[in-house]
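Asker: Here you go, one structure.
Just so you know, all these numbers are worked out from the coordinates, no wet-lab data involved. In this text the structure is predicted, and so the values were computed from the model without any measurement. Positions of Cβ are generated from backbone atoms using ideal geometry, with glycine treated the same way; all protein chains shown enter the neighbour counts.
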Amino acid sequence: MAAGAMLARGAQGRVLVASSRAEFRANMVGKLTAENAMAAEAAGGADALMKLERGAYQTLLLDPHIEDLDPDELVDMIQTRYPELNVVLMDARSESEQLSLDLAEADSETAVDDVAESKETDWLEKEESPVTLSPRVAATGNTEKAGSARIQPLPGMIGTSPKMEQIYRLARLVAPRDTTVLIVGSTGTGKELVARGIHELSRRSRAPFVVVNCAAIPESLLEAELFGFTRGAFTGAVQSRLGRIHAAHGGTLFLDEVGELPLSMQAKLLRFVQEGEVQRLGSADLFRVDTRVVAATNADLLQRVREKQFREDLYYRLAVFPLDLPTLETRADDILPLARHFLESFCKQNGAPPKTIHPDASILLKRHNWPGNVRELQHSIERAFVLADGNAQIRPEDLSMPRPTA
């Protein structure tokens, strides 16, 4: 029996194929689709977790050689959060060696080789579809069995909504490693805060956290800023200087708005990300640099890849562990806690007595759609703090937003 036919027989319903190998993913999705199964791809463990959180899947086809997460930790997390998910382990390095493991029944410490023979036949002969995930499990990544323990926010961050707990969980999972992280989100969603949180929770926390805003540095200066230069490398280079990549040695380099990098710089950045080497302008010497890269963008990088505005090889080097930040509108439970936090901070900074938010003002805050996200909320509270002056409360008229109509 062909691999696609065997998979389709056991993997009824929606199937997620998770592997770091693009060719393997495309091959398996093609076989599943040919057998009338609905299949989607995940580029790694983190991508798989995000897709499982966003939609209900009945089967996960998992390559145990994923590169971004420890497979054992990923399996433990999936077993806890999605106990009804049918998981099949299939080695992308040898597609003919099909290993399957039903996490709802098998002990997570059992070696795959020990259970493969007995489990494969049961899985292939199963007539009924695996149980579909409930909307609650798909939306929050938690079950009642998993308990009510909350994931602690990242350092410097506020918010306990399910969407943010998912971000905290993934960020804490990747922080201790040197895995490259790509943070995607609209302007004002807190991409730099997440990057700083990952840095502070890593083994590099005592080393520099260096920020480069790729959109703010002129193209003519960008190479010198990133890679450094030697004396006389160009007009005005009166002394040698290390670049920001080198300045982050031992620590973390945060490339903000990485989607704005010109194509000429993308090739040079790719070499650094791949080889860990830096060559300064005006020098033939290569320097080994131990720098972790965390990048961020508000652009659709895959669309830019399709438009030939962003290198595909660089995208996949940066997007090893993607984090997709939610907009403030989709995490409404966090609006008032954030507003109170900002108000308390402004009062302390200005030596003012504590203020509260009037209930009517709270209603306005919760009903606004916040196109500028957390940054817009912060600025609105700062303006309201100034307008409130000596008043003990922030009133509706202190907020620069329309009131709801009756």
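Asker: Distance in nm between label sites at ARG206 and ASP285, each 7 Å beyond Cα in the beta-carbon direction?
Answerer: 2.8
Asker: Under a plain spin-label model, where a point goes 7 Å from the Cα along Cα-to-Cβ, how far apart in nm are MET38 and GLU23?
Answerer: Distance between the two pseudo-spin positions: 3.1 nm.
Asker: Could you run the Karplus curve 6.51 cos²θ - 1.76 cosθ + 1.60 with θ = phi - 60° over the stretch 177-185 and give me ³J(HN,Hα) per residue in whole Hz, x for Gly and Pro?
Answerer: Once rounded to whole Hz, the list reads 9, 9, 4, 6, 10, 10, 9, 10, x.
Asker: Can you order the peptides 229-236, 39-46 by their average number of other Cβ atoms within 10 Å per residue, highest first?
Answerer: 39-46, 229-236
Asker: Any idea how far apart HIS65 and THR330 come out in nm if each label point goes 7 Å out from Cα toward Cβ?
Answerer: With each label placed 7 Å out from Cα toward Cβ, I get 3.3 nm.
Asker: Highest mean first, how do 57-64, 153-160, 344-351 rank when packing is the count of other Cβ atoms within 10 Å averaged over residues?
Answerer: 57-64, 153-160, 344-351
Asker: Working out 0.36 nm times the residue gap between HIS379 and LYS308, then minus their Cα-Cα distance, what length gain in nm do you get to one decimal?
Answerer: Extra length available between HIS379 and LYS308 comes to 21.9 nm.
Asker: Using θ = phi - 60° and the Karplus curve 6.51 cos²θ - 1.76 cosθ + 1.60, what whole-Hz ³J(HN,Hα) does each residue of the stretch 57-72 get, with Gly and Pro shown as x?
Answerer: 10, 8, 9, 10, 9, 10, 7, x, 9, 4, 9, 8, 10, 6, x, 5
Asker: Which of rounded, prolate or oblate describes the stretch 146-201 when judged by the alpha-carbon gyration tensor and an a/c cut-off of 1.5?
Answerer: oblate
Asker: Once phi is turned into ³J(HN,Hα) by the Karplus curve 6.51 cos²θ - 1.76 cosθ + 1.60 with θ = phi - 60°, what whole-Hz value does each residue of the stretch 247-264 show in order, with x for glycine and proline?
Answerer: Along the stretch 247-264, the couplings run 5, 8, 3, x, x, 10, 9, 9, 9, 7, 6, 5, x, 8, 5, x, 4, 4 Hz.
Asker: Additional query: For the stretch 176-324, give the magnitude of the charge dipole about the Cα centre (Cβ charges: +1 Lys/Arg, -1 Asp/Glu; no others), in debye to the nearest 20.
Answerer: Working: 19 positive and 18 negative charges, 82 e Å.
Charge dipole, the stretch 176-324, about its Cα centre: 400 debye, nearest 20.
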